[in-house]
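Read the structure below first, then the notes.
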Amino acid sequence: IDVLERKGVNRSQGIIALFVISTLVIGVTTTIFSPKITSEIESMQKNRMAYARLFSERLKAQEVGLGQRISAFKNLNLTEKLLTWTEESAEKMWSWIPGLASQLMMALFLVPLLTFFMLSEAHEIRRNVLKLVPNRYFETVYSLMSRILDEMGGYVGARIIEAALVAALVSIPCAILG
């Protein structure tokens, strides 16, 4: 936003442009990948019993092999215990989903709103914080605040670049493999 502001773009217009571009990128990405994700989820739901049976058979085979090598593992019934734990965990997960969905929807609403106000009022907030500082500490606090903001900006920028690289490294092979 500061770069756009230095180029003569109004701060509010720059923020709105950034939000519009971000919304378009998210919308296009969602439009491209949601049908693929939906089809994968539907495929997993249709074949879940076959996957569960195959998983159970392989686990039982591993348990039998482990019991033959180590006699202490013969009568532990690890497969049954693991399958029971998996079923209980899945039931708990289904109870968490509504709360998680509501938190996600709240975050999808609040994060852009708070980000907009923080970006548009950043200079005013900084100015008002510096008004609270006594004159003898002003230079030190101003220098420290500038260094902290620069470091935080670099950190956030690095995280955004890292997330973009991970997304590219995951989505490109997935797109190639279908």
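The values are calculated or read from the model by the stated rules, or taken from the named source; none is laboratory data. In this text the structure is predicted, and so the values were computed from the model without any measurement. When we count neighbours, we look across all protein chains shown, and the Cβ atoms used for this are built from the backbone with ideal geometry, even at glycine. The accessibility values were calculated without ligands, DNA or RNA, using every heavy atom of the protein model including side chains. Shrake-Rupley method; radii C 1.70, N 1.55, O 1.52, S 1.80 Å.
Points worth noting:
- Distant alpha-carbon pairs in region 1-45 (separation over 15 angstrom), percent: 59 percent
- Only lysines eight or more places from LYS74 in sequence, or on another chain, were considered; those with a Cα closer than 16 Å are LYS60.
- Hits among aspartates and glutamates - C-alpha to C-alpha of LYS81 under 17 Å, sequence gap 8 or more where chains match: GLU57, GLU63, GLU91
- Counted over all Cα-Cα pairs of the chain, pairs farther apart than 21 Å make up 73 percent.
- Adding -39500 (n - 2.57) for every DSSP H run of four residues or longer, then dividing by how many residues the chain holds, sets the calculated 222 nm ellipticity at -32000 deg cm²/dmol.
- Considering every alpha-carbon pair of region 66-106, the percent of pairs per 5 Å bin, from zero through the bin containing the longest distance, is 5, 20, 14, 13, 12, 10, 8, 7, 6, 5, 1.
- Per atom type, the chain shows carbon and sulfur on 68% of its accessible surface, probed at 1.4 Å.
- Peptides 101-114, 50-63 ranked from most to least packed, by the mean per-residue count of other Cβ atoms within 10 Å: 50-63, 101-114.
- Computed about its Cα centre, the charge dipole of the chain is approximately 180 debye, with only Lys, Arg, Asp and Glu carrying charge at their Cβ.
- Per residue, region 1-140 exposes 84 Å² of accessible surface when a 1.4 Å probe is rolled over the protein heavy atoms with every protein chain present.
- Sequence-distant contacts, meaning Cα pairs under 8 Å at least 6 residues apart, place the relative contact order of the chain at 16 percent.
- Here the convex hull built on the C-alpha positions of region 113-178 has a volume of 81 cubic angstrom per residue.
- Taking the Cα centre of region 45-145 as origin and assigning +1 to Lys and Arg Cβ atoms and -1 to Asp and Glu Cβ atoms, the resulting dipole is close to 260 debye.
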